[in-house]
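For reference, the structure is listed below as structure tokens.
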Amino acid sequence: AAIVHDVARGTITVAEGGEGLAGGAIGMPDLGALSLQVKAGAQGSRNDISFRAAADLLDITGSGTIDLAVNQADIDFSAVSPEMHPNPQLSWSVLSVRGHMHGPFTRPDISADLKISGLNSGGNRIGNLTATLRGTGGKAELQASATDLHLANEKAPVFAGAPLIIKADADLAAPSRP
């Protein structure tokens with residue numbers, strides 16, 4: 001695989017059995033078998049790409065086009081998983097992310113939806129976590145909700161009775177953006 005004059009061509013494939021180096025390196029020794037495949041082909045200055053990563057029951061996929069010469073993309077992506085326990089401190093019952101990104105890297109139109117049920121992390125628990133990211137022309141808005149939230153070592157379930165709502169805005173085209 002190579003990138004020459006902003007055009008990518010080739011295939012990268014990585015496979016590792018369970019209890020491998022990658023899972024241990026990221027602190028998830030129970031992640032299971034890991035595989036990754038990335039393919040790129042060219043049509044003029046556009047790169048047709050596809051990728052798939054799998055770790056045990058977690059499946060991450062995406063495909064579309066990237067044009068490095070003009071810094072823009074059109075990509076669909078998803079991640080889905082049934083119940084997993086990648087390490088003793090992290091588990092979930094269901095995980096789902098689906099989205100689309102289109103346009104210039106600094107001013108993309110983006111749409112993504114996240115849902116995680118039964119999330120446990122470091123003694124913290126969330127019954128359901130949902131998030132929606134929408135953006136156009138470089139402006140993005142995130143809205144998230146966590147229900148049945150229990151913090152580790154809390155004396156009383158302060159957040160369990162009502163959803164915790166998070167809203168955030170970002171200017172992806174701001175000069176101060178890294």
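From a point 7 Å beyond the Cα of A173 in the direction of its Cβ, which residues of the stretch 93-120 have a backbone N at a distance under 17 Å?
102-111
Quick check: at a probe of 1.4 Å, how many percent of the accessible area of the chain sits on carbon and sulfur atoms? Could you put the intermediate results ahead of the total?
On the way: 6160 of 10530 Å².
Of all accessible area on the chain, carbon and sulfur atoms account for 59 percent.
Before I look further, what does the stretch 108-178 give for accessible area per residue, probe 1.4 Å, in whole square angstrom?
Details: 4370 Å² over 71 residues.
Spelled out: the 1.4 Å probe surface of the stretch 108-178, per residue, equals 61 Å².
For the stretch 80-178, just say rounded, prolate or oblate: build the C-alpha gyration tensor, square-root its eigenvalues into a ≥ b ≥ c, call rounded for a/c under 1.5, and beyond that prolate if a/b exceeds b/c, oblate if not.
Numbers: a/c = 2.51, a/b = 1.83, b/c = 1.38.
Prolate.
How many Å³ per residue does the convex hull of the Cα positions in the chain occupy?
Details: hull volume 24.1 nm³, N = 178.
Once divided by residue count, the hull of the chain is 136 Å³.
Pull up the cross-link candidates among the lysines for K115, meaning alpha carbon to alpha carbon under 25 Å and not fewer than 8 places away within one chain.
K139, K167
Sorting check: for 159-172, 33-46, which peptide has the highest mean count of neighbouring beta carbons within 10 Å, and how do the rest follow? Can you show the working numbers first?
Values: 159-172: 12.5, 33-46: 15.1.
Those peptides, ordered most packed to least, come out 33-46, 159-172.
According to a simple spin-label model (label point 7 Å from Cα along Cα-to-Cβ), what is the distance in nm between H102 and D76?
1.2
Please state, as a whole number in µm²/s, the translational diffusion coefficient that the Stokes-Einstein equation yields for the stretch 14-72 at 25 °C and 0.890 mPa s, with Rh defined as the Kirkwood radius across alpha carbon pairs. Write down the numbers at each step before the final one.
Values: Rh = 12.9 Å.
The estimated diffusion coefficient comes to 190 µm²/s.
Which shape class applies to the stretch 36-134: rounded if a/c is under 1.5, otherwise prolate when a/b exceeds b/c and oblate if not, where a ≥ b ≥ c are the square roots of the Cα gyration tensor eigenvalues? Don't skip to the end; give the middle numbers.
Numbers: a/c = 3.40, a/b = 1.93, b/c = 1.76.
Because a/c hits 1.5 or more and a/b exceeds b/c, the stretch 36-134 counts as prolate.
The values are calculated or read from the model by the stated rules, or taken from the named source; none is laboratory data. Just so you know, these numbers come straight off a predicted model, no measurement behind them. With ideal geometry, Cβ positions are generated from the backbone for all residues, glycine too; neighbour counts draw on all protein chains shown. In case anyone asks, the SASA skips ligands and DNA or RNA and just uses the protein heavy atoms, side chains included. Shrake-Rupley method; radii C 1.70, N 1.55, O 1.52, S 1.80 Å.
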